[in-house]
Amino acid sequence: MTASAPITQDVLTIPRKDAEGTGKVNLVGLTRDGMREALIAAGTPEKQAKMRMGQVWQWVYQKGVRDFDEMTNLAKDYRALLSENFEIRVPEVVSKQVSTDGTRKYLVRIAGGHEVEVVYIPEEDRGTLCVSSQVGCTLTCSFCHTGTQKLVRNLTAGEIVGQIMMARDDLGDWVPAGKGMGEQPRLVSNIVLMGMGEPLYNFDAVRDAMKIAMDGEGISLSRRRITLSTSGVVPEIARAGEEIGCMLAISFHATTDETRDKLVPINKRWNIETLLQSLRDYPKLSNSERITFEYVMLAGVNDSDEDAYRLLELIKGIPAKINLIPFNEWPGAPYKRSSNNRIRAFANIIYQAGYASPIRTPRGEDIMAACGQLKSATERARKSKAEIAKEAGL
């Protein structure tokens, strides 16, 4: 398989038009070209289409407006045309939980009645939104709660960028009418594609959604404030650098193929050596744009000094930082969190070698919103601890 060959899965694709039976096209998720074409198809004169698209784009993605009547720089008859043919729809919030540390976990409903989870993590210098790209996941990583939910389907670009818009609704994070970008700090300042699903198995929708998120006349997030996390879909990694250009994180978690095969089964298809070579070839790789290696700390599995030294040898020559993640336990999990002393010892080995090795502070554990704990509340395919361990080959 070539580096540019698309990876496909047998998943249901929801059509952009009439996914909710309204007969109207949802503008959310359309690229600039797609929105322009849709406006022309609805009766916008072709000579005006680029200008109209730009106006509508700013109302939808900069101001967060959902009612065409509020688009006051458009004539009334044109607003009526828009209202007749289009809608501005984002995922519906089914429930919201707020952790004692301020983390918010949203359960949101999308087309077809499916539900996914989105998490907002407030910090002193940023507000990070953890976004989902699929309903469920195919990867069955044995330490991940989301991995115990079967894949239902890919999310559309509108459902992905709609999660950002939904969070801005809840946080009151839109640019007020009459004001421009940069006049007030954004509460959603960073995006991580680390929610439910493997982003590179839904490449086109993720790419389109992130291009909308990065558009300077809309949501306007810097590409360096967006991080895509992959478990290692090697053929799509270079393409992500070329077509999306955001920061890259690797869900790594092991220093031998034997252990990684169990923790991250996609390793059986693209092993550590193959994955690391793709990272050395990554188009955006530089000392200023390092790759993040995510490493969950599992007691007695991957947390020894020997593992730390092997990790350093493996990533030699790759500008990188290593995020050490204390395992967030969930009911039925077949693993235990490494002790604080063990995590600190591991981190010190990495740090002494010259790499940043921050230990992630678990957030939202009391509402099951921490890393690896996301799972839709309506998912019915429950698995026992024994079943999960058996699938992992433990």
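The values are calculated or read from the model by the stated rules, or taken from the named source; none is laboratory data. The structure displayed is predicted, hence computed values, not measured ones. All Cβ positions, glycine included, derive from the backbone under ideal geometry; neighbour counts span all protein chains shown.
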>> Taking the condition of being in contact with a strand residue (DSSP E or B) (Cβ under 6 Å, 6 or more places away or on another chain) and either at positive phi or small (Gly, Ala, Ser) (or both), how many residues in the stretch 242-291 meet it?
In response: 3
> Of all the strands (runs of 3 or more DSSP E) wholly in the stretch 86-164, which have at least 1 residues that are surrounded by 21 or more Cβ atoms within 10 Å (Cβ to Cβ)?
Replying inline: 104-109, 115-122, 127-130
> Does ALA111 qualify as being under 22 Å from PHE203 (Cα atoms) and modelled with pLDDT under 95?
Replying inline: yes
> Which number in (1) in contact with a Gly (Cβ under 7 Å, 6 or more places away or on another chain); (2) more than 30 Å from TYR201 (Cα to Cα); (3) modelled with pLDDT of 95 or more marks the one condition that SER99 misses?
Replying inline: (3)
> Would the stretch 305-313 turn up any residue that is part of a loop (DSSP other than H, G, I, E, B), assigned by TED's automatic domain parsing to the domain that holds ALA254 and aliphatic (A, V, I, L, M)?
Replying inline: no
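Yes/no per residue for (1) at pLDDT 95 or above; (2) among the basic types (Lys, Arg); (3) not assigned by TED's automatic domain parsing to the domain that holds GLY54:
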site	(1), (2), (3)
PRO176	no, no, yes
GLY182	no, no, yes
ARG186	no, yes, yes
LEU200	yes, no, yes
ASP208	yes, no, yes
LEU221	yes, no, yes
> If TRP59 satisfies every condition in (1) closer than 17 Å to GLY216 by Cβ; (2) surrounded by fewer than 18 Cβ atoms within 10 Å (Cβ to Cβ); (3) without any contact (Cβ under 8 Å) to a residue 40 or more places away in the chain but one, which is the exception?
Replying inline: (2)
> Would it be correct to say that GLU329 is surrounded by fewer than 19 Cβ atoms within 10 Å (Cβ to Cβ) and more than 25 Å from ARG224 (Cβ to Cβ)?
Replying inline: yes
>> Being within 27 Å of ARG224 (Cβ to Cβ) and either surrounded by fewer than 22 Cβ atoms within 10 Å (Cβ to Cβ) or modelled with pLDDT under 95 (or both) is the requirement here; does ASN340 meet it?
In response: no
> List, please: which pairs have Cβ atoms under 9 Å, are six or more places apart or on different chains, and start with a residue in the stretch 241-254 that is more than 14 Å from ARG290 (Cβ to Cβ) and end with one that is surrounded by fewer than 23 Cβ atoms within 10 Å (Cβ to Cβ) and acidic (Asp, Glu)?
Replying inline: SER251/GLU294; HIS253/GLU294; ALA254/ASP261; ALA254/ASP307
> Taking the stretch 285-304 as the search range and keeping residues that are closer than 26 Å to CYS144 by Cβ and of a type in the set (D, E, K, R), which one is surrounded by the most Cβ atoms within 10 Å (Cβ to Cβ)?
Replying inline: ASP303
> Within the stretch 266-311, restricting attention to residues that are of a type in the set (Lys, Arg) and under 22 Å from the mean Cα position of the chain (by Cα), which residue is nearest to ALA254 (Cα to Cα)?
Replying inline: ARG290
>> Could you tell me how many of the residues in the stretch 199-239 are farther than 21 Å from TYR61 by Cα, in contact with a strand residue (DSSP E or B) (Cβ under 9 Å, 6 or more places away or on another chain), β-branched (Val, Ile, Thr) and in contact (Cβ under 8 Å) with a residue 40 or more places away in the chain?
In response: 1
> So which residues in the stretch 314-357 are farther than 16 Å from ARG260 by Cβ and either part of a strand (DSSP E or B) or outside the structural domain of SER286 (by TED's automatic domain parsing) (or both), if there are any at all?
Replying inline: ALA320, LYS321, ASN323, LEU324, PRO326, ARG337
